[in-house]
1. Here's a check for you: in the stretch 261-274, which residue that is surrounded by fewer than 19 Cβ atoms within 10 Å (Cβ to Cβ) and touching a helix residue (DSSP H, G or I) at 6+ places or on another chain (Cβ under 7 Å) is nearest to residue 317 (Cα to Cα)?
2. Answer yes or no as to whether residue 84 is more than 21 Å from the chain's Cα centre (by Cα) and in the same structural domain as residue 45 (by TED's automatic domain parsing).
3. Do any helices (runs of 4 or more DSSP H) entirely within the stretch 204-318 hold 3 or more residues that are farther than 30 Å from residue 75 by Cα, at pLDDT 90 or above and within 21 Å of the chain's Cα centre (by Cα), and if so, which?
4. Does residue 346 satisfy the condition of being assigned to a helix (DSSP H, G or I), modelled with pLDDT under 90 and either assigned by TED's automatic domain parsing to the domain that holds residue 62 or in contact with a strand residue (DSSP E or B) (Cβ under 9 Å, 6 or more places away or on another chain) (or both)?
5. Of the residues in the stretch 16-36, how many are over 19 Å from residue 235 (Cα atoms) and assigned to a helix (DSSP H, G or I)?
6. Consider residue 326 against the criteria (1) more than 18 Å from the chain's Cα centre (by Cα); (2) at pLDDT below 90: it satisfies all of them except one. Which criterion is unmet?
7. Any residue in the stretch 60-87 that is within 14 Å of residue 200 (Cα to Cα) sitting within a Cβ distance under 6 Å of a residue that is part of a helix (DSSP H, G or I) and modelled with pLDDT of 90 or more? List the pairs, counting only those 6 or more apart or interchain.
8. Filter the stretch 109-121 down to residues that are part of a helix (DSSP H, G or I) and farther than 25 Å from residue 261 by Cβ, then give me how many there are.
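The values are calculated or read from the model by the stated rules, or taken from the named source; none is laboratory data. The structure presented is a predicted model; accordingly, all values stated were derived computationally and were not measured. Neighbour counts run over all protein chains shown; Cβ positions are idealised from the backbone, glycine included.
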């Protein structure tokens, strides 16, 4: 029997299918593309002078908010009530049209219509990441192969964040409306889905899933809560980096952008090589990733303190890129190893929802902590301590929770 195979589940698509791999990588690449228009916010503000500056942020936050229900709905219906291919085709069309909307209408449309288009865009985009993760869990039965594919997927994810932000910034030099042409990239998965994708399905278990006989294990909810907590502690590092640096009177806006790009770029090679990391650390990559992120929080806290240091900032952001990469892939892998592959879509839908939820509530929680302590920088210390606790909990779960493969091995040893 192959590694980590659930009894009665037979894949109908070969794991080496080139069309499937191309679609997966295109989904991962586009998943973080909401940031492509951030460079145009000032220009949009100039075009709509009656709109309050704070309200311009809704162009970004409405996307994150709409990804939550999208992920939940996609997880509930993908592969059961609607074919993966059908759902992704609909999402790709909506993403491309809604994403390009301000360029397609005169003067970019009204601000209200732009917000509506961004909501539709966010709803379409919200299906990409959970479905990509679900397909990896569904199709790739062998642990080592699944770890490698998840690693490459997250490398494409990081690359997509960098490329779409840079492309959006370049197009903004032409006009703020032109920035939105970045989302013509949505045509790529659309074409791949039409001409190179074969619908994956697992016999037996999928029928049970449709009948509601297969449930998500209760422990998955604990993993998802821990994910949301981690996002609460992770987001302030990237959102408020410029303010942390300003408190120490170091750096410039250009350096902030460089550090954020550096953090993303560092994650790319580590994601691509994650198969080797999984081979060396296995399930322990999850707590290790959380502890590395905790270390990055403490390093940045010191770097933005009395002993202000730009080199230390680069060290901190490098640790953040490595730790977040390890954590994201390892947690996806861990959840995929525990759930039945037939319920992978709904599990990954909740994964994306809890991830976005944690990011959404990070701002009010950060405000509450900084208000209580009197310093915004103190969130870094609180986050570091919190992530150490999370890492310890992950380690305890590693010892107490067994995957299907581990249960099979124990059963074999007992029989022997």
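1. Within the stretch 261-274, the first condition is being surrounded by fewer than 19 Cβ atoms within 10 Å (Cβ to Cβ), and the residues that meet it are 261-262, 265, 269, 273.
Within this subset, residues satisfying the condition of being touching a helix residue (DSSP H, G or I) at 6+ places or on another chain (Cβ under 7 Å) are 261-262, 265, 273.
Working: 261: 9, 262: 7, 265: 10, 273: 19 Å.
Within the stretch 261-274, the match that is nearest to residue 317 (Cα to Cα) is 262.
2. No.
3. 285-303
4. Yes, satisfied.
5. Counting residues in the stretch 16-36 that are over 19 Å from residue 235 (Cα atoms) and assigned to a helix (DSSP H, G or I) gives 13.
6. Among (1) more than 18 Å from the chain's Cα centre (by Cα); (2) at pLDDT below 90, residue 326 violates only (1).
7. Sorted first by the residue in the stretch 60-87, then by its partner, the pairs are 78/84; 78/87; 78/131; 85/193.
8. Adding up the residues that qualify gives 9.
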